[in-house]
1. Using the beta-carbon distance between A173 and F208 and R0 = 25 Å, what value does 1/(1 + (r/R0)^6) give for FRET efficiency, to the nearest 0.05?
2. Calculate the spin-label point distance for D35 paired with L227, positioning each point 7 Å from the Cα along the beta-carbon direction, and give it in nanometres.
3. Binning at 20 angstrom from zero up to the longest distance, how are the C-alpha pair distances of the chain distributed in percent?
4. Once you sort the root eigenvalues of the Cα gyration tensor of segment 17-139 as a ≥ b ≥ c, which label holds: rounded (a/c under 1.5), prolate (a/b larger than b/c) or oblate (the other case)?
5. Please say if segment 30-85 is rounded, prolate or oblate, where rounded means a/c under 1.5 for a ≥ b ≥ c the square roots of the C-alpha gyration tensor eigenvalues, and otherwise the choice is prolate for a/b larger than b/c and oblate otherwise?
6. Label-point separation (nm) for Y183 and A12, each offset 7 Å from Cα along Cα-to-Cβ?
7. Of S58, S292, which has the most accessible area with a 1.4 Å probe, and how do the rest follow in descending order?
8. Rounding to the nearest 20 debye, state how big the charge dipole of the chain is about its Cα centre with +1 on each Lys and Arg Cβ and -1 on each Asp and Glu Cβ.
Amino acid sequence: PDAIEVLDQAIAEETEADIKTAMQEARAVAVLNSDAGEADKIAAIETIAARADRDGLSQLKRVEAASEGTLKAAATDAIARVEGALILWDALQNIWYGLSLGSVLLLAAIGLAITFGVMGVINMAHGEMVMLGAYTTFAVQEMIRGSAPWLFDYSLAFAIPLAFLISGAVGIAIERSVIRWLYGRPLETLLATWGLSLILQQAVRSLFGVTNREVGNPAWMSGAFELGQLTITYNRMWIIAFALFVFAALMFVLRQTPLGLQMRAVTQNRQMAAAMGIRTPWIDAMTFGLGSGIAGIAGVALSQIGNVSPSLGQGYIIDSFMVVVFGGVGNLWGTLVGAFSLGVANKFLEPFAGAVLGKIVVLVFIILFIQKKPRGMFALKGRAVEA
């Protein structure tokens, strides 16, 4: 209470709006702890309620517990308003976390969507393409730290194309050496790619060790800012923007390039595409390489929000398949909507059911959904597809 007079003088002279608001809130707390009149205390309650945050809520609850009559009623009403606002902010925070998770799922699943859609291959090694992209980022940053540390803030500019090329090359090698002999045999393909995933994991363990590796954030991806009661980290914000950019670029490739035209032709009718002169084996290899390269780019993004380990991709492979099946096999718009929908659903379920049970609930929902719409939300249409 002794600070009220000093605060009044400072508030009168202050020109910065944020600082003035902070002083007014500090004065309101001082008034509530003083012998001021009821009208002054009610005005102070309104000032603290306008903050609509948890610190203000705890102050209001102390006033409610220590007061009676009109002052207690004012505090109770303010508490109800603040709690309602906090519920809304919590919902918005969950939506933000869900969009962040959805962007990661989109990056991890979008390559699987075109691979599965064009080739019908259940690729259990897709997660390892993500892992290779993450380790490429780690290797690039280690080289920059050792030889050109002033380039660290530009490390991702080097890592993204390298991750795409390395993961894409490994994907083409896998398709040409193993998968092309197994088309039309889904069980053998699943087992073969699962075995390849174990081989790739062990190769990375032998090369980089079994311990987790930390990848640094460039300065422009570090930190966070407040939007009301919403905390937005720069790395998550950039990953969402990057995922949407990759989606738009892939849509351009599929709609506006000869490779995309041939990929869509093979998707709709492989036999007719071959009869028209399209080299379907070459399209299969390029498609697998493109899907694997995009998975490598997803690894670059994932390295910015967590540690890199040989089992990094295993945490996303099942979710990626769920996104593809839920959205509609071979449909990129379905993958986009499915990724963000499942991401938001997971984050809303986690506070009530926990992370593991929340995923089980989502899985059960997808199973029930597929019973009604076996081709997903956005199924490809056409007589050739239906046949």
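1. Here the calculated transfer efficiency is 0.80.
2. 4.8
3. With a bin width of 20 Å, the distribution comes to 24, 43, 23, 10, 1.
4. Note, shape of segment 17-139 comes out prolate.
5. Values: a/c = 1.76, a/b = 1.48, b/c = 1.19.
Taking the square roots of the gyration eigenvalues as a ≥ b ≥ c, segment 30-85 is prolate.
6. 8.5
7. Listed by decreasing accessible area, they come as S58, S292.
8. 2900
The values are calculated or read from the model by the stated rules, or taken from the named source; none is laboratory data. A quick note: this is a predicted structure, and the numbers were derived from the prediction, not measured. When we count neighbours, we look across all protein chains shown, and the Cβ atoms used for this are built from the backbone with ideal geometry, even at glycine. Heavy atoms of the whole protein, side chains included, go into the accessibility calculation; ligands, DNA and RNA do not. Shrake-Rupley method; radii C 1.70, N 1.55, O 1.52, S 1.80 Å.
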